[in-house]
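Have a look at the structure below before the remarks.
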Amino acid sequence: MSDLTPEPLARPGRFGEFGGRYVPEALIPALEELDEARRKAMVDPEFMGELERLHRTYTGRPSIITEVPRFAAHAGNARIILKREDLNHTGSHKINNVLAQALLTKRMGKTRVIAETGAGQHGVATATAAALMGLECVIYMGKVDTERQALNVARMKMLGAEVVPVPTGSATLKDAINDALRDWVTNVGNTHYILGTVTGPHPFPEMVRDFHRVIGVEARAQVLDLTGRLPDAVIACVGGGSNAMGIFHRFIDDAGVHLIGIEAGGEGVESGRHAARFAASSPGVLHGTFSYLMQDDDGQTLESHSISAGLDYPSVGPEHAYLRDTGRAEYRYATDAETMHAFELLCRTEGIIPALESAHALAGALEVGRELGPDALLLVNLSGRGDKDMHTAAEYFGLLDGEATPEGTADEPRAEGDGRTQL
């Protein structure tokens with residue numbers, strides 16, 4: 001497990017100017033307790049051994065890689081390999097971080113966990129870990145997201161969690177985090193907040209990244225074993241950024257590997273209905289950390305939009321902001337239309353139904369593959385499966401009213417979206 005131990009930050013809690021800890025004073029002791037607990041745990045053979053055992057016997061790690069040549073034929077015949085986090089127990093990468101934080105909860109002697117969720121995958125993973133370890137569980141979810149991810153709401157309830165719909169604001173992920181933080185301030189004595197992505201106050205961005213780093217550690221070795229070389233590009237979708245940071249981090253020192261994050265372009269940046277933070281935002285503070293933020297001239301947070309609930313968030317993890325500003329990673333966006341084309345294409349050519357979040361990364365791979373050509377080797381993080389998204393997809397393609405013909409077909413891609421960032 002030593003390969004999973006990351007290098008310490010030069011300034012704990014900071015990635016360049018980004019990150020930090022901007023929270024009410026009442027939360028400082030809990031964050032200090034968490035920081036101390038996770039630092040000790042990461043070098044404790046008993047803790048790491050238990051986490052490794054759970055990943056091997058419960059999560060299903062190591063997750064496999066799958067080459068997708070029929071999909072890649074639409075991407076300039078570049079060679080494309082998927083890291084299959086969709087095959088993990090609960091259906092996404094989220095379980096990697098949740099199991100570790102649930103173990104930390106018990107280690108800190110707390111009996112209750114809370115979490116926020118957008119697409120529902122983090123909520124399902126948290127409810128699963130709470131059931132496994134006998135912890136009380138409350139999940140906050142924007143009311144809009146409870147409606148578009150109704151299947152995951154039912155799964156959380158079936159696992160014994162209380163799901164709290166949040167009707168305020170845009171009733172999406174941002175507002176769910178607000179209410180989860182309020183709960184944590186009130187119940188910090190017996191409650192741990194299992195934050196689901198690489199944002200929030202220190203130590204969450206660093207800790208969540210470290211618990212997801214196993215994705216890149218496995219994938220790097222698997223690609224080398226299969227192809228004999230490193231990929232030209234590693235591509236992942238970016239909402240808060242946990243799956244992307246998980247697969248990026250092991251490749252950061254490989255200067256020849258292009259790291260590309262794909263944000264949610266929604267209906268296009270020009271429309272204002274998107275979550276492309278790096279295309280239309282400026283640095284600011286949200287949910288306890290300093291990063292890029294969609295905000296107006298008065299510093300008020302703007303509402304974001306994406307067809308995928310998991311990417312519908314107006315800010316992004318601070319380490320992504322650092323990687324972007326230092327030029328180590330590039331961030332593009334895919335519109336809803338481009339995403340749904342990639343979603344359909346993977347279904348029709350490879351028999352794999354991806355999560356809508358992951359379909360953004362697939363849309364990015366189509367673009368990058370066409371630019372780099374047939375000699376390119378691309379690694380794409382398939383962060384989740386699309387069972388939860390079938391109602392949204394069926395509505396989009398007109399399949400709920402008995403119509404057999406979707407808006408487009410895999411062999412006839414729709415027109416390119418507007419204004420995408422180019423390499």
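The values are calculated or read from the model by the stated rules, or taken from the named source; none is laboratory data. Just so it is clear, the model here is predicted, and its values are computed rather than measured. Glycine gets a Cβ as well: all are built from the backbone with ideal geometry, and neighbour counts include every protein chain shown. The accessibility values were calculated without ligands, DNA or RNA, using every heavy atom of the protein model including side chains. Shrake-Rupley method; radii C 1.70, N 1.55, O 1.52, S 1.80 Å.
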Quick one, can you get me the convex hull of the C-alpha atoms of the chain expressed as volume per residue in Å³? 130 Å³
Net charge over other residues, Cβ less than 12 angstrom from the Cβ of Leu82 (K, R count +1; D, E count -1): 0
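Determine the dipole magnitude for the chain: charges of +1 sit on the beta-carbon of Lys and Arg, -1 on that of Asp and Glu, nothing else is charged, the reference point is the Cα centre, and the result goes in debye to the nearest 20.
Working: 40 positive and 59 negative charges, 264 e Å.
For the chain, the charge dipole is close to 1260 debye.
Using a 1.4 Å probe on the protein chains only, how many percent of the accessible area of the chain belongs to carbon and sulfur? Could the numbers behind the result be given before it?
Details: 7900 of 15370 Å².
Solvent-exposed carbon and sulfur of the chain make up 51 percent of the total.
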Ordering 261-270, 357-366, 89-98 by per-residue average of other C-beta atoms within 10 angstrom, highest first, gives 357-366, 89-98, 261-270
Protection proxy ranking, peptides 370-382, 116-128, average beta carbon neighbours within 10 Å, highest first: 116-128, 370-382
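Per the helix-only calculation at 222 nm, which mean residue ellipticity applies to the chain, given -39500 (n - 2.57) for every DSSP H run of n ≥ 4 and division by its residues, nearest 500 deg cm²/dmol?
-11500 deg cm²/dmol
What size of dipole, in debye to the nearest 20, comes out for the stretch 242-397 about its Cα centre when the only charges are +1 on Lys and Arg C-beta atoms and -1 on Asp and Glu C-beta atoms?
Working: 10 positive and 24 negative charges, 79 e Å.
Computed charge dipole of the stretch 242-397: roughly 380 debye.
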Given a 1.4 Å probe, the accessible area of the stretch 33-123 per residue, as a whole number of Å², is 35 Å²
Please report the base-10 log of the normalised intensity I(q)/I(0) for the stretch 76-162, using a Debye sum with one equal scatterer per alpha carbon and no solvent, at each q in 0.13, 0.16, 0.25 (1/Å). -0.44, -0.61, -1.21
Quick check on the stretch 170-287: take the gyration tensor over C-alpha atoms, sort the square-rooted eigenvalues as a ≥ b ≥ c, and tell me if it's rounded (a/c under 1.5), prolate or oblate. oblate
Dipole of the chain (Lys/Arg Cβ +1, Asp/Glu Cβ -1, origin at the Cα centre): which of Leu224, Gly268, Leu346 lies farthest to the positive side? Leu224
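Where only protein heavy atoms count, and the probe is 1.4 Å, what is the accessible area per residue for the stretch 179-331 in Å²?
Values: 4520 Å² over 153 residues.
Result: 30 Å² of accessible area for each residue.
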At 7 Å along the Cα-to-beta-carbon direction for both Met158 and Leu132, put a label point, then send me their distance in nm to one decimal. 1.8 nm
At 7 Å along the Cα-to-beta-carbon direction for both Lys40 and Asp254, put a label point, then send me their distance in nm to one decimal. 3.6 nm
What length, rounded to one decimal in nm, is gained on full extension from Glu147 through to Thr326, with 0.36 nm per residue of separation minus their alpha-carbon distance? 60.5 nm
Per-residue counts of other Cβ atoms within 10 Å, averaged by peptide: what ranking do you get for 35-41, 217-223, 230-236, 310-316, highest first? 310-316, 230-236, 217-223, 35-41
C-alpha center-to-center spacing [the stretch 248-271, the stretch 311-370] in angstrom: 8 Å
For Gly266, distant residues with modelled amide H under 5 Å away: Ala275, Ile307, Asp336
I'd like to know which of Val43, Tyr193, Leu135 lies farthest towards the positive end of the charge dipole of the chain, counting +1 on Cβ of Lys and Arg and -1 on Cβ of Asp and Glu. Val43
Set the bar at 20 Å for Cα to Cα. Now go through Lys94/Lys388; Lys106/Lys388; Lys110/Lys388; Lys83/Lys157; Lys40/Lys83; Lys83/Lys174 and name every pair that lies beyond it. Lys106/Lys388; Lys110/Lys388; Lys83/Lys157; Lys40/Lys83; Lys83/Lys174
The stretch 201-356 pair-distance distribution - Cα-Cα, 10 Å bins, rounded %: 11, 36, 37, 14, 2, 0
Dipole moment magnitude, nearest 20 debye, the stretch 5-99 about Cα centre, only Lys, Arg, Asp, Glu C-beta charged: 540 debye
Under a crude label model (7 Å from the Cα following the beta-carbon direction), how far is Asp297 from Glu270 in nanometres? 2.3 nm
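Can you tell me the convex hull volume per residue for the stretch 146-231, based on C-alpha atoms, in Å³ to the nearest whole number?
Numbers: hull volume 14.8 nm³, N = 86.
Taking the convex hull of the Cα positions in the stretch 146-231, it is 173 Å³ per residue.
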Given the candidates Gly239, Thr126, Leu323, the one whose Cα lies deepest towards the positive end of the charge dipole of the chain, counting +1 at each Lys or Arg C-beta and -1 at each Asp or Glu C-beta, is Thr126
